[in-house]
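The values are calculated or read from the model by the stated rules, or taken from the named source; none is laboratory data. Note that the structure is a prediction, hence the values are computed from the model and not measured. Neighbour counts run over all protein chains shown; Cβ positions are idealised from the backbone, glycine included. Side chains are part of the model used for accessible areas, which takes the heavy atoms of the whole protein and leaves out ligands, DNA and RNA. Shrake-Rupley method; radii C 1.70, N 1.55, O 1.52, S 1.80 Å.
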Amino acid sequence: MANNIKRPNGTEDVLPKDVYKWHTVEKIARETAESFGFSEIRIPTFENTDLFLRSVGETTDVVQKEMYTVKAKETEFTLRPEGTAGTIRAMLQNGLLNEALPQKVYYMLSCFRHERPQAGRLREFHQFGIEMAGSAAPSADAEVILLAKTILDRLGLRNIELHINSIGCPACRAKYHEALRAYFEPHKEELCDTCKERLVKNPMRLLDCKSPICKEIGKNAPLILDYLCDECREHFEAFKKYLSGFGIEYIVDPKIVRGLDYYTKSVFEFITTEIGAQGTVCAGGRYDGLIEQLGGQHVPALGFGMGFERILLVMDKQECDFLTPKTCDIYFATMGEAALTKAMELVKGLREFGYRAEFDLMGRGIKPQMKYANKIGAVYTMVIGDDELASGKAKLKEMESGNETELLLNDKFTANFENEYFNKMLDTMDDESGSLFSFAGEDK
């Protein structure tokens, strides 16, 4: 017997029994971003490879080791390893930066990096991200962080620390690079081969190396905060002031440099210690030179990305609430062809009003049908047979309580069912104090 084909290493299947958790994160992230004035953008899954070489940086781990680059006949393209570069490319190409500024967009997308799979680090992973283009003000940095924190708070995450840093602008970073080269040069032969190259091309990347030897060498390296120019220092101080004004606690962490070359000035990470080594659940910062680097005018920009998989790991670990999974609203158990036809008619009417209505598709007997209704979590059931057809009415049974109500099987059926359903929903809201996560009928 041939072996079954399995999913590629480093990917995951999201099954129906778990997808409601994803729906919770997506719903809260989307609604929060829109309340801050952000609109959704959707971009291609792959881009021209040069986009990532020019933006992410040739000396980064992402470009050197992790990108999935594909050659097909005369073309070459790369599956996106992150969302910012493609989003900025789309904003440039479609003229969004010629419209009212700041431009504020959000996205939900899958990204691809060839890494060693582990909990919270997959080869295909999913992100919610935002980009804001047009504002150089430090208040925009604080606003972006407030958005990220609001999403994390609304999801119910606890014990998440905000770490911030400034990595300066090209002018002050040039002096910092000189200091780093002077520090690392005596240890050059001990560095990994990648870092030997970085020492020449981009010494800040040495601080992001995952090699234990390089990390140990770099632990007493000079700090970027000691090399900031006056403008970058003033921006950082104002940024911290605005964070405090929002009541956001933070830790200044001079070791944060981020793994992508396009960052400037403010960078930040939201970190937890509850899911092991991959504890960064959201990260971002400012990239004032990226748009110009990709061929546009100088337009300052900033943003963040948060990983769905890591957020869900934390939510499961902390036993956070999720939206109630949607189940079958009403299941019709039928006896005979005429009853089946009537059930199909009723189901069609209910679905037109947004109800999840089902009937038997397997030709089962009445007892197996009721067992199936129980397994799928049907809120209500209704048995229809010859007697019900003759009388023109049938009993609607609420599965949880066992209460039964007789409804006419006529053109008023959907309206009568809706009355029963909403009465139950209101009772549920009263019992559970209107909790967001117990409001099962909210989309109706």
| remark: Karplus-derived 3J(HN,Hα) from phi for segment 164-172 (6.51 cos²θ - 1.76 cosθ + 1.60, θ = phi - 60°), whole Hz, x at Gly and Pro, runs 10, 7, 10, 10, x, 10, x, 5, 6
| field | Potential lengthening between residue 215 and residue 326 on full extension [0.36 nm per residue; Cα-Cα distance subtracted] | value | 35.2 nm
| request: Please compute the Cα-Cα pair-distance distribution of the chain with 10 Å bins starting at 0, giving whole percents from short to long. | output: 4, 17, 23, 20, 14, 11, 7, 3, 1, 0
| request: Please give the per residue accessible area of segment 1-142, computed with a probe of 1.4 Å over protein heavy atoms only, in Å². | output: 52
| task | Just tell me which lysines come within less than 27 Å, Cα to Cα, of residue 219; anything on the same chain fewer than 8 places away is out. | result | 65, 175, 188, 196, 201, 210, 240, 255, 265
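For residue 315, what charge total do you get from the other residues with a beta carbon under 12 Å from its beta carbon, if Lys and Arg give +1 and Asp and Glu give -1?
Working: positive: 21, 154, 158, 310, 317; negative: 18, 274, 309, 316, 319, 321.
Once positives and negatives cancel, what remains is -1.
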| note | A correct Karplus calculation of ³J(HN,Hα) over segment 415-423, with 6.51 cos²θ - 1.76 cosθ + 1.60, θ = phi - 60°, whole Hz and x for Gly and Pro, returns 5, 5, 5, 4, 4, 4, 5, 6, 4
| message | Please list, ordered by chain and number, the residues whose modelled amide H lies under 5 Å from the amide H of residue 111; skip anything fewer than 5 residues away on the same chain. | response | 125, 126, 127
| Between segment 271-311 and segment 127-189, what is the C-alpha centre distance in whole Å? | 8
| query | R0 = 45 Å: FRET efficiency of residue 403 with residue 45, Cβ-based, nearest 0.05? | reply | 0.35
| task | May I ask you to evaluate 6.51 cos²θ - 1.76 cosθ + 1.60, the Karplus curve with θ = phi - 60°, for each residue of segment 180-194 and list the ³J(HN,Hα) values in order in whole Hz, giving x for glycine and proline? | result | 5, 4, 5, 6, 7, 4, x, 9, 3, 5, 7, 6, 5, 4, 5
| remark: Placing +1 on each Lys and Arg Cβ and -1 on each Asp and Glu Cβ in the chain, then taking the dipole about the Cα centre, the residue among 129, 325, 378 whose Cα reaches farthest towards the positive end is 129
| said: Compute the helix-to-body angle for 19-35: its Cα long axis versus the longest principal axis of the chain, expressed 0 to 90° and rounded to tens. | reply: 60
| request: Pop a pseudo-label 7 angstrom from the Cα along the beta-carbon direction at both residue 364 and residue 348 and give the gap in nm to one decimal. | output: 2.5
| request: Give me the angle, in degrees from 0 to 90, between the Cα long axis of helix 337-352 and the longest principal axis of the Cα atoms of the chain, rounded to the nearest 10. | output: 40
| remark: Along the dipole axis of segment 116-218 (charges at Cβ: +1 for Lys and Arg, -1 for Asp and Glu; origin at the Cα centre), the most positive-end residue among 144, 217, 163 is 217
| segment 31-177: C-alpha gyration tensor shape, a/c 1.5 cut-off, then a/b vs b/c | rounded
| query | Does segment 1-106 come out rounded, prolate or oblate, given a ≥ b ≥ c as the square roots of the eigenvalues of its C-alpha gyration tensor, rounded meaning a/c under 1.5 and, failing that, prolate meaning a/b above b/c? | reply | oblate
| Length added when fully stretched, residue 118-residue 190, from 0.36 nm per residue minus Cα-Cα | 23.1 nm
| query | Between the helical axis of 138-154 and the dominant principal axis of the chain, each derived from Cα atoms, what acute angle in degrees is found, rounded to the nearest 10? | reply | 40
| task | Take the Cβ-Cβ distance between residue 183 and residue 246 as r, set R0 to 30 Å, and report the resulting FRET efficiency rounded to the nearest 0.05. | result | 0.25
| said: Using 0.36 nm times the number of residues separating residue 233 and residue 35, minus their current alpha carbon distance, what extension gain do you get? | reply: 68.2 nm
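Return the FRET efficiency for the residue pair residue 415, residue 395: r is the Cβ-Cβ distance, R0 is 25 Å, and the value is rounded to the nearest 0.05.
Numbers: r = 18 Å, r/R0 = 0.71.
Once the sixth-power term is evaluated, E becomes 0.90.
Sum -39500 (n - 2.57) across every DSSP H segment of at least 4 residues in the chain, then divide by the residue count to get the 222 nm mean residue ellipticity, nearest 500. Please list the in-between numbers first.
Values: 14 runs with 163 residues, N = 444.
About -11500 deg cm²/dmol.
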| request: Could you pull out every one of the lysines with an alpha carbon less than 23 Å from that of residue 342, ignoring same-chain neighbours closer than 8 positions? | output: 367, 371, 393, 395, 397, 412
| request: Under 1.5 on a/c is rounded, so check that first for segment 325-422, then, if it is not, pick prolate when a/b is larger than b/c and oblate when it is not; a ≥ b ≥ c are the square roots of the alpha carbon gyration tensor eigenvalues. | output: rounded
| task | Calculate what fraction, in whole %, of the accessible area of the chain sits on carbon and sulfur atoms when a 1.4 Å probe is rolled over the protein chains. | result | 49
